[in-house]
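The structure appears right after this line, and notes come after that.
None of the figures in this text is laboratory data; all of them are computed from the coordinates on show. Quantities reported herein were computed from a predicted structural model and do not represent experimental measurements. Here the Cβ positions follow ideal geometry from the backbone for every residue, glycine too, while neighbour counts run over all protein chains shown.
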Amino acid sequence: MSMDYPPPPEPSPPPPSYPYPTSNVGPAAPQFPYLPPPPPGMSYQPAPYAYRLPKNKTTAVLLAIFLGFLTWMYTYEKDAWKFWTAFAITLGDVFLSAITFGVWLFVAIPLGLGIWVWGIVDTAARSQQFYDLYPAA
């Protein structure tokens, strides 16, 4: 019996003739253009919450007109209690109207209209400054 052995390994290739790099630093990135400071007569103050866009009063009023108490989701950080109060009342009205087979609608409809008007008046009565500086106002 003869044993077959694998062929001998091939010789490794010779090392490269070029030198290894001494640094991994690439070319410098382009410089950002220089922005001069504002003129001396104008004061510059960054926005208190620079990462947020200001709110718009017109948007808030339109939300109140078309979506009722959901307008308080637009300014939720300040109006969370108003949203949850109106939501709980609406949920209670739906539940009571369902178990009384619509008799409760004599209470639910005027109450719903009152919440709707409350949302419109509340958003329309606020100043534009409230929406410009929201949520810091």
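Quick notes on this one:
- Under 19 Å from a label point set 7 Å out along the Cα-to-Cβ vector of Asn56, the amide N atoms of segment 103-137 belong to 120, 123-135.
- Partner aspartates and glutamates whose Cα lies under 13 Å from the Cα of Lys55, excluding those fewer than 8 positions away in the same chain, are identified as Glu77, Asp132.
- Placing a label point 7 Å from the Cα of Thr85 along the Cα-to-Cβ direction, the residues of segment 114-137 whose backbone N falls under 17 Å from that point are 114-126.
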